[in-house]
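Input: a single structure, listed below in structure tokens.
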Amino acid sequence: MKIEADELICAAYTIGGLRGQLSLEQRVAAAAEAGFRKVGMTDGQYDAERAAGRSDGEIRAILDKHGVHCVEVEFLYGWAGNGDGPGIPGVGKVDWRERLEVLLQLADVVGARHLNCGELGFYGPLLPADELAQRWGEICDRAAEHGLVCMLEFMASGELPDAASAWEVVRRAARDNGGVLVDAWHYFRGAADAERLRTVPGEAIKLVQINDGGPQEGDLPADTTSRRRVPGDGDFDLQGLLGILDQIGVEAPISVEIMSDELSQLAAVEQARRAREGALAVLRSTSSLG
């Protein structure tokens, strides 16, 4: 798999972390100064911008001002469980259909290309396989009306813990705009099973997120959302993972997703610079950089 440096995506939480209070202007300005030309945005970040009084036009103008394209919106969750779970700790349950509409509106505003979705494990056991595929198909169909590809991310602590289980949902639904998202974090914190990954057709993997990590600290959700590392600064065999993806024929965008309390203590532009330079160094080492 090959990617040009300008195609690298700065994911929504990479600058500022999960709990960051940076505005869209601050994040986009930092991303652009560090060399990113593509970014992601969450529905929560969109809510914050609107609550601060910024119109959709002003949001789009911020991106245009810095020459940055928001290509991905995220994160749709709560749709895959049977509803018996308590929801997100400290947040509770969300109405996933309502959040889907917010994400679709955001995608229209910024001209996004894909919608990231997943199953966080807080909404009870998965729906039966046929119902789960049907619901995923409904999400894909709704997203297709807005020109979006839907990415299903497997998560180490969720009910869809590996690429093969995510692929089974995507396969059953059989939607042209549905695919699998491979996040290095969830691959290595999970089974890190290369053989199961190889069962997924390369063309079905439509987004790759890279990051790094050291030994797990504390519970997995906290570790996931606060202690990720810049690619190349941890123990993950990113070269090996990218090699497997290349062997199975993956041709997908690459996003740098780092949720790090430590990184977020730095100036925003330094966070962006380290994320981009670390990712590019890893990609060069695997000949993945065009």
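The values are calculated or read from the model by the stated rules, or taken from the named source; none is laboratory data. These numbers come from a predicted model, not from an experiment. Cβ placement follows ideal geometry from the backbone for every residue including glycine, while neighbour counts extend to all protein chains displayed. In case anyone asks, the SASA skips ligands and DNA or RNA and just uses the protein heavy atoms, side chains included. Shrake-Rupley method; radii C 1.70, N 1.55, O 1.52, S 1.80 Å.
Number of residues in segment 122-155 that are more than 12 Å from the chain's Cα centre (by Cα), crowded, with 19+ Cβ neighbours inside 10 Å and not small (Gly, Ala, Ser) equals 9. In this structure, does Arg171 turn out to be modelled with pLDDT of 95 or more, out of contact with any strand residue (DSSP E or B) (no Cβ under 6 Å at 6 or more places or on another chain), surrounded by 17 or more Cβ atoms within 10 Å (Cβ to Cβ) and among the basic types (Lys, Arg)? Spelling it out, it is not the case that Arg171 is modelled with pLDDT of 95 or more, out of contact with any strand residue (DSSP E or B) (no Cβ under 6 Å at 6 or more places or on another chain), surrounded by 17 or more Cβ atoms within 10 Å (Cβ to Cβ) and among the basic types (Lys, Arg).
Residue pairs whose Cβ atoms lie under 6 Å apart, sitting 6 or more positions apart in sequence or on different chains, and linking a residue in segment 152-167 that is assigned to a loop (DSSP other than H, G, I, E, B) to a partner that is aliphatic (A, V, I, L, M) and open to solvent by 20 Å² or more (accessible area, probe 1.4 Å), are Ser157/Leu220; Gly158/Leu120; Glu159/Leu126; Asp162/Ala191. Within segment 62-121, restricting attention to residues that are part of a loop (DSSP other than H, G, I, E, B), modelled with pLDDT under 95 and at positive phi, which residue is most open to solvent (accessible area, probe 1.4 Å)? Residue satisfying both the conditions and the ranking: Gly90.
Screening Glu257 against (1) acidic (Asp, Glu); (2) without any contact (Cβ under 8 Å) to a residue 12 or more places away in the chain; (3) in contact with a strand residue (DSSP E or B) (Cβ under 6 Å, 6 or more places away or on another chain) leaves a single unmet condition, (2). Quick check on Gly53: is it out of contact with any Ser or Thr (no Cβ under 6 Å at 6 or more places or on another chain), assigned to a loop (DSSP other than H, G, I, E, B) and open to solvent by 20 Å² or more (accessible area, probe 1.4 Å)? So Gly53 fits the description; yes. Here's a check for you: in segment 10-50, which residue that is open to solvent by 50 Å² or more (accessible area, probe 1.4 Å) and acidic (Asp, Glu) is farthest from Gln105 (Cα to Cα)? If we take residues in segment 10-50 being open to solvent by 50 Å² or more (accessible area, probe 1.4 Å) and acidic (Asp, Glu), then Glu33 is farthest from Gln105 (Cα to Cα).
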